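Quick notes on the structure that follows.
The values are calculated or read from the model by the stated rules, or taken from the named source; none is laboratory data. Just so we're clear, the structure is a prediction, and the values are computed from it rather than from any experiment. Cβ: placed from backbone, ideal geometry, glycine included. Neighbour counts: every protein chain shown.
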Amino acid sequence: VRPLLGSASMLDRTLECPASNQLPQTAPLHPNAAPAAEWGTAVHTLLETGEVTPGHEAKLKEIPVAKTLAPLVPAAGKEVAMVWRGESGQVDVLGNGLGREYGELGPNDVSGTGDVVLTGYKTLEVWDYKTGQKVPDPAESAQLHHLAMMAVKALRPAVDVVVAGFQRIRFDLRKKKDPVTVRDEYTVLSIVELDLHERRLRRALVKAEQVREDIAAGREPEVREGSYCFFCPARLECPAKKGK
Ligand code: SF4
């Protein structure tokens, strides 16, 4: 049985349209998605291990590694894989550098990987490297809320200040000199906001479970269209989209 919520990035759409995560996930990715993901992986690998991915040498040598978070991060804080267990609320740290391979997860588990996790005496920082064109507002990002919540619970339950952010690495081919820019976009999250995120996760799990039962019983699930339909992996099987 696959997890009801594979990752926190499905959270918002699942709350709006729970059927989106239980109908068959057959829609192809956007044509630009594969090359963008490959480039993103190459940048992550460089910053996390120093390795240069074959085929990307020319662009990777332009990345100003010294201007990123990479030199600051101890090995224990790189690519930290964690999983929130929906049944107990416990968080387990699975290890570093697992390449998004989380092993077997239960239906109520929601996993995630912090590219950078920095712990201080009273502070905790979680960062995600982003290489795409569009970056969500950190204060609205379910992914950052999820990573921050997991890191606090697993590593620093008594923390005072939680910083969650994106380090955005953008390549501009039109610029001959210094074509890469590195920008930090972050928010400070309260423990109350992290609690709220957990409540939203629980609500989404209940809704997704209900849809799973409906589909298993042969009932057509209710769907609710919105702007989130554009990237919905179930859009080809969606009763509201068929024939459109
Ligand atoms: S395409 Fe839209 S309405 Fe249909 S399942 Fe996906 S999110 Fe729901």
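Across segment 7-21, what is the number of residues that are more than 15 Å from the ligand (Cβ to nearest atom) and not aliphatic (A, V, I, L, M)?
Residues meeting the conditions: 1.
Hey, could you check segment 22-57 for residues that are surrounded by fewer than 17 Cβ atoms within 10 Å (Cβ to Cβ) and charged (D, E, K, R) and say which is farthest from the ligand (Cβ to nearest atom)?
Checking each candidate, the answer is GLU57.
Any residue in segment 218-244 that's hydroxyl-bearing (Ser, Thr, Tyr): show its pairings with residues that are near the ligand (Cβ under 9 Å from one of its atoms) at Cβ separation under 6 Å, as long as the two are six or more apart or on different chains.
TYR228/ARG13
Which count do you get for residues in segment 223-242 that are over 24 Å from the mean Cα position of the chain (by Cα) and more than 9 Å from the ligand (Cβ to nearest atom)?
1
Can you name every residue in segment 168-224 that is under 30 Å from HIS56 (Cα atoms), touching a helix residue (DSSP H, G or I) at 6+ places or on another chain (Cβ under 7 Å), modelled with pLDDT of 90 or more and of a type in the set (A, V, I, L, M, F, W, C)? Spell out how you get there, then give the answer.
Step one: of segment 168-224, the residues under 30 Å from HIS56 (Cα atoms) are 168-186.
Next, from what is left, pick out any that are touching a helix residue (DSSP H, G or I) at 6+ places or on another chain (Cβ under 7 Å): 169, 171, 182, 185-186.
Of the ones still in play, those that are also modelled with pLDDT of 90 or more are 169, 182, 185-186.
Within segment 168-224, ILE169, VAL182 meet the criteria.
Which one is farthest from LEU105 (Cα to Cα), of the residues in segment 71-84 that are crowded, with 18+ Cβ neighbours inside 10 Å and in contact (Cβ under 8 Å) with a residue 40 or more places away in the chain?
Of the residues in segment 71-84, the ones crowded, with 18+ Cβ neighbours inside 10 Å are 73, 77-84.
Next, from what is left, pick out any that are in contact (Cβ under 8 Å) with a residue 40 or more places away in the chain: 73, 77, 80, 82-84.
Numbers: VAL73: 28, GLY77: 23, VAL80: 17, MET82: 11, VAL83: 9, TRP84: 10 Å.
Here the residue is VAL73.
So ALA76 passes all but one of these: (1) outside any strand (DSSP E or B); (2) within 16 Å of the chain's Cα centre (by Cα); (3) of a type in the set (A, V, I, L, M, F, W, C). Which condition number does it fail?
Every listed condition holds for ALA76 apart from (2).
If a residue counts only when it is touching a residue at least 40 places away in the same chain (Cβ under 8 Å), more than 19 Å from GLU225 (Cα to Cα) and out of contact with any strand residue (DSSP E or B) (no Cβ under 6 Å at 6 or more places or on another chain), which helices (runs of 4 or more DSSP H) contained entirely in segment 1-70 have at least 1 such residues?
Once the helices (runs of 4 or more DSSP H) in segment 1-70 are filtered for at least 1 residues that are touching a residue at least 40 places away in the same chain (Cβ under 8 Å), more than 19 Å from GLU225 (Cα to Cα) and out of contact with any strand residue (DSSP E or B) (no Cβ under 6 Å at 6 or more places or on another chain), what remains is 33-49, 57-60.
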